[in-house]
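A short reminder: the numbers here are calculations on the coordinates, not readings from a lab. The structure displayed is predicted, hence computed values, not measured ones. Neighbour counts run over all protein chains shown; Cβ positions are idealised from the backbone, glycine included.
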Amino acid sequence: MSTNSRGQWSSRVGFILAASGSAIGLGNIVFFSANAYKFGGGAFYLPYFIALFVIGIPVMILEFGLGHFTRRAFPESLHRLAGKKGEFVGWWALMNSSFITLYYITILGWVVGMLVGALGGLWKDAFPTPNFAVDSLPNPYGYFFHMLSTWRPLLFVALVWFLNGVIVRKGVATIEAAVKVFVPLMWLFMIVLIVRGVTLPGGVHGVWLLFTPDFDVMKNPAVWQGAFSQIFFTLTLGFGVMTAYASYLPKNSDQTNNAILTSLMNCGFEYIAGLAVFSILFAFAMVPQASTLAMMFFIVPKGIAQLPGGSPAVIGFGIVFFVLLLLAGLSSSVSLVEGLTCSLIDKFRVPRMRAITIFCVLGFLGSSLFTLPYVVNPGIQNDGTLGLTLLDLTDHWAFSYGLLIVGLLETLLIGWVYGVRRIRDDVNAYSRLRLGAWYDVLVRFVIPGLILFILIYAVVGEFTGGLYGTSFAPNFAEGWRWMAGSPWVVLFLWLAVSVGLAALFTHLGGYPPHRPGELEGGES
Ligand code: TRP
């Protein structure tokens, strides 16, 4: 199959929009603010920026560089570099990020539900439900949990999967068309929210939270794990998708520059989103919450509900906020749908529409698990419904561990098995900014070393402090006590399914042999 039949971005702008669209997502708008708050505001920044420059940008250059070098999606790229074991890592990355995508899309389904609510219901009197005492609670809170305890989100989740399928149906061509509209709109909506936030009386106080460093917290490795995972997630690294995106670029592309531009745009967006979120919260003296979902679904909406200007302002800004989340989330999730579809097409020669349809249908079934409305914890403390509990547990493994493990494996494979020098030479041949030998040291020693340290620290914590999630058990309602074993079940399923499928895909079929020296030749 020739390179061109895989499609190509029509312009560099198209690629940058798509890559930054993938990077900018829910992670930027709410997860970042919630993490920053959790780790003490300004205290999060130093680890975050160190992670950006020492790990984020170099790994992005690596993932773009791989796509540039091999002109193939992640599993086949790694296959060419490191044989079957490389390919396995590639598929495992895609399987792990598929888990993330399943619940990411469920969250987007809830965003659709909130968007519908933003037209009115969200701000009206709380919904009284038999399970929750919501009467005394702020409206978005009641609305959100009421919605979660119904089957309605299933419909929204189906819609989001359908939109994903539509956007990737013709690959880069349709993705490019979508991101050309989505990404500029995201920036516009974000700016609207910031201007509103910082011009509120007292709004700027929130901004100071983001600038006041606290060096003590930095001694805590948990802060570093938070910063590292956030950098991987927000830059879409370790997902196995940036390589596919870069493989659709012409050979003479400057990947170092592309990686720096994409990363800085992403983190710039994240930073200004923090300004918007914190200024709105501080203006109304609200306490931000460390829980990302709380931030997105009831803390920020509660702030919006208090904006001056009456219901037109509330409804208007509510719509802006939830449309922003939806656009940002869609332009992220499509990158995984495309990254996986492209990998399946390259290896198994399945027709594109069939691959997309199967994936979207299976994806819908998987995402449905996270919408299960049964109330397992009437206290609504962290995990009200069965779906939420499963989401929380899956997120813990796929997000906090999975992405870092992929980062570790990919740097080890390229650094030690294939030789990072060859990728660096290839990237340098087309780049204005040349990477020196320091880059090899980063990829071979510094990045894997840092990730390994964090992973070991975290795993030891699971053993000494109890497996993540076991502390929820006492909160489960009568009849749901058996859920106490769920942390183990979810850990087992995540590992078994992702490793099993990755091994299956690696084992089945084979890639057409490539000519020796083909990689180094560089087709244009
Ligand atoms: N970078 C995205 C964010 O910050 C996350 C993301 C990118 C993602 N691609 C994805 C999540 C695909 C799920 C599926 O939100």
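Kindly provide the helix-only [θ] at 222 nm of the chain, computed as the sum of -39,500 (n - 2.57) over DSSP H runs of four or more divided by all residues, to the nearest 500 deg cm²/dmol?
-21500 deg cm²/dmol
Only counting other Cβ atoms within 10 Å, I'd like VAL168, VAL376 sorted with the fewest neighbours first.
VAL376, VAL168
Give, as a single signed number, the net charge of other residues whose beta carbon lies under 14 Å from the beta carbon of PHE31, with Lys and Arg counted +1 and Asp and Glu -1.
Here the count lands on -2.
Roughly how big is segment 12-510's charge dipole about its Cα centre, with Cβ charges of +1 (Lys, Arg) and -1 (Asp, Glu), in debye to the nearest 20?
The calculated dipole for segment 12-510 is roughly 1260 debye.
Kindly express, to the nearest 10 degrees and within the range 0 to 90, the angle between helix 74-118's C-alpha long axis and the longest C-alpha principal axis of the chain.
The angle comes out at about 20 degrees.
Remind me, relative contact order of the chain in percent, using alpha carbon pairs under 8 angstrom and six or more residues apart?
Relative contact order, the chain: 29 percent.
Would you mind computing, in nm to one decimal, how far apart the modelled labels at TYR511 and SER11 are, each placed 7 Å from Cα along Cα→Cβ?
3.2 nm
Most exposed first by the Cβ proxy, i.e. fewest other Cβ within 10 Å, how do LYS38, LYS84 rank?
LYS84, LYS38
For the chain, take the longest principal axis of its alpha carbons; what is the angle in degrees between that and the long axis of helix 255-283, to the nearest 10 within 0 to 90?
Compared with the principal axis, the helix lies near 10 degrees.
Work out which GluC sites (Glu not before Pro) in the chain are exposed loop sites (DSSP not H, G, I, E or B, at most 14 other Cβ within 10 Å) and give the longest gap free of them.
Result for the longest clean stretch: 1-477.
Modelled label-to-label distance, ALA437 and LEU188, 7 Å Cα→beta-carbon offset: nm?
In this crude label model, ALA437 to LEU188 measures out at 5.2 nm.
Run the numbers for LEU504 and THR212: contour at 0.36 nm per residue of separation, minus the present Cα-Cα distance, in nm.
Fully extending the segment from LEU504 to THR212 adds 100.2 nm.
Can you give the Kirkwood hydrodynamic radius of the chain from its Cα pairs, in Å with one decimal?
23.4 Å
Between LEU46 and GLU478, how high is the FRET efficiency from 1/(1 + (r/R0)^6) when r is the Cβ-Cβ distance and R₀ = 35 Å? Nearest 0.05.
Using R0 = 35 Å, I get an efficiency of 0.15.
Given a Förster distance of 30 angstrom, what is the FRET efficiency for ARG349 paired with ALA177, based on the Cβ-Cβ distance and rounded to 0.05?
With R0 = 30 Å, the Cβ-Cβ based efficiency is 0.70.
Would you mind getting me the FRET efficiency between THR357 and ASN252? Use the beta-carbon distance for r and R0 = 35 Å, nearest 0.05.
Efficiency computed from Cβ-Cβ geometry: 0.50.
For segment 340-426, just the Cα set please: Rg and Dmax, both in angstrom.
Reported Rg and Dmax, both Å: 19.3, 58.
Considering only VAL361, VAL172, PHE269, whose Cα is most displaced toward the positive end of the charge dipole of segment 12-510, charges sitting on Cβ of Lys, Arg (+1) and Asp, Glu (-1)?
VAL172
Starting at the first residue of segment 374-379, write each ³J(HN,Hα) from the Karplus equation 6.51 cos²θ - 1.76 cosθ + 1.60 with θ = phi - 60°, in whole Hz, x for Gly and Pro.
Here the 3J(HN,Hα) series is 4, 7, 9, 8, x, x Hz.
Treating the angle as unsigned and between 0 and 90°, give the value, to the nearest 10°, between the Cα long axis of helix 139-148 and the longest Cα principal axis of the chain.
60 degrees
Roughly speaking, what is the stretch gain from ILE319 to ALA429, that is 0.36 nm per residue apart minus the C-alpha to C-alpha distance, in nm to one decimal?
Going from the current span to full extension adds 35.0 nm.
What length, rounded to one decimal in nm, is gained on full extension from PHE53 through to LYS219, with 0.36 nm per residue of separation minus their alpha-carbon distance?
57.8 nm
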